[in-house]
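Following: one structure in structure tokens, then a few remarks.
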Amino acid sequence: MTVAALDVSTFAFTEAAPAKVNLYLHVTGRRADGYHLLDSLVVFAGAGDVLHYQPGPEPLSLHVTGRFGRVLDAASTGADNLVLRAAHALQGLRGSQTRLPSGTLVLEKKLPVASGIGGGSADAAAALRLLDRAWNVQASRADLLALAQTLGADVPVCLLSQTMRMEGIGENLTPAAHLPECGMVLVNCGQAVSTPEVFRRRDGAFLPRAPLPDNWADIADVVAFLKQQGNSLEEAACAVCPPVGHVLADIGGQDGCLMARMSGSGATCFGLFATPQAARQAADRLEDAHSAWWVWGGGLV
Ligand code: C5P
């Protein structure tokens with residue numbers, strides 16, 4: 001594939017893969033197979049990867065570009081990559097067992113990899129949405145959600161990319177009230193944190209399911225609620241990766257920051273602000289002070 005052939009401005013299909021952010025995350029129990037049961041309020045940020053697709057006769061291929069593209073090695077852009085697995089799973093729904101998926105996929109990897117904001121899951125979900133459209137599969141929402149679940153615990157919520165309460169290990173999704181207008185900063189210190197290790201290092205306590213209200217008066221109302229909740233994995237992630245603690249302190253120290261917390265199993269942390277503009281200003285200051293960090297500021301989707 002030549003570089004010119006990868007000019008995504010000429011590609012027929014594009015789909016955003018927004019970052020998921022766990023505003024609170026409670027470990028509420030443990031399944032017999034060792035997986036932890038969660039209760040989490042999930043929102044989606046304006047930051048995200050972007051997936052492009054150009055139909056064509058050649059066997060389906062995936063090319064990864066963008067700031068974090070080089071982090072994915074050859075192995076992870078091969079058949080095991082979640083985007084290609086999503087494509088092949090969707091192909092199974094098309095009914096034809098003889099036709100192989102074809103065309104060119106380009107993934108602009110703008111989000112840090114394995115960082116608690118669902119990058120790989122968002123990419124797989126974007127592939128399901130995009131290829132369902134491009135291949136005119138017209139899969140039902142239930143079929144797409146079932147496929148998503150086979151690809152990973154966070155893929156179903158990323159498929160919907162709306163504010164959701166997520167329970168179980170990610171399979172129980174309930175629509176939740178959209179947040180009032182606010183801003184968000186996302187910061188990643190550049191160190192990958194091992195999810196299994198963070199779960200292992202967590203203190204053994206279980207937290208109750210949060211008393212999530214049906215609606216919000218304003219962002220102050222959201223923050224007052226969130227401050228009563230937490231991320232059950234934050235302390236363990238700070239122990240495994242001390243820079244997470246520095247990131248949290250630096251976000252929390254920004255003018256206008258209403259609260260700072262880690263997302264998922266880390267290492268990415270978020271800060272909430274009254275407006276997207278306030279978040280962008282804080283992001284600019286953080287970026288100036290820490291050129292090695294990945295920093296984003298803006299609004300929610
Ligand atoms: O979902 P992911 O594949 O990133 O999970 C990696 C590991 O993290 C799992 O194998 C498991 O050890 C742990 N985990 C867990 N409970 C969850 C999600 C992940 O114990 N809900």
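Worth pointing out:
- Estimated dipole of the stretch 4-175 in Debye, rounded to 20 [Cβ of Lys and Arg +1, of Asp and Glu -1, Cα centre]: 100 debye
- Residue-wise HN-Hα coupling along the stretch 228-238, computed from phi with Karplus coefficients 6.51, -1.76, 1.60 (Hz; x: Gly, Pro): 7, 9, x, 10, 4, 9, 5, 4, 5, 5, 5
- Descending by average beta-carbon neighbour count within 10 Å, the peptides 191-199, 133-141 line up as 191-199, 133-141, the highest first.
- Selection of chymotrypsin sites (Phe, Trp or Tyr not before Pro), the stretch 5-65, meeting DSSP coil and at most 14 other Cβ within 10 Å: Y35
- Highest mean packing first, where packing is the average number of other Cβ atoms within 10 Å per residue, the peptides 290-296, 82-88, 269-275 line up as 269-275, 82-88, 290-296.
- Estimated purely from DSSP H runs of n ≥ 4, each contributing -39500 (n - 2.57), the mean residue ellipticity at 222 nm for the chain is -9000 deg cm²/dmol once divided by its residues.
- All C-alpha to C-alpha distances of the chain, sorted into 20 Å bins beginning at zero, yield P(r) values of 34, 57, 9 percent in whole numbers.
- Contact order normalised by residue count of the stretch 183-298, Cα under 8 Å, 6+ apart, percent: 43 percent
- The stretch 205-301 shape via C-alpha gyration tensor axes, a/c threshold 1.5: oblate
- Amide H partners (placed H, <5 Å) of A114, local residues excluded: G119, G120
Values in this text are rule-based calculations from the coordinates and carry no lab data. Remember, predicted model here, so these are calculated numbers, not experimental data. Cβ atoms come from the backbone with ideal geometry, glycine included; neighbour counts cover every protein chain shown.
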